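The values are calculated or read from the model by the stated rules, or taken from the named source; none is laboratory data. Keep in mind that what you see is a predicted model, and the values were worked out from it rather than measured. Ligands, DNA and RNA are stripped out before the accessible areas are found, and what is left, the full protein with its side chains, is counted by its heavy atoms. Shrake-Rupley method; radii C 1.70, N 1.55, O 1.52, S 1.80 Å.
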Amino acid sequence: MRHLARLADYCSITNMHTKNLAIVWAPNLLRSKQIESACFSGTAAFMEVRIQSVVVEFILNHVDVLFSSKLSSVIRDGAGI
């Protein structure tokens, strides 16, 4: 995720800002067996992928906070409560 966030830093050159990166990478990072099965119609599959891309975009925009060692220690300490 940090690598993708770093790629977004070069969006002025590549035009791959966080939204574009999320659209491309979300189906691979958040793969859903339901989407891959035949039970999803085209519209439902599109909506699911759209939600996935919003989640990945959020993660890319907040990668420093979500993957910081400080947050990890707070979560680890809180889990023992």
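Worth pointing out:
- Across I13, I51, I59, the residue with the most accessible area heads the list, and the full order at a 1.4 Å probe is I13, I51, I59.
- Subtracting the Cα-Cα distance of R2 and N15 from their residue separation scaled by 0.36 nm leaves 2.9 nm.
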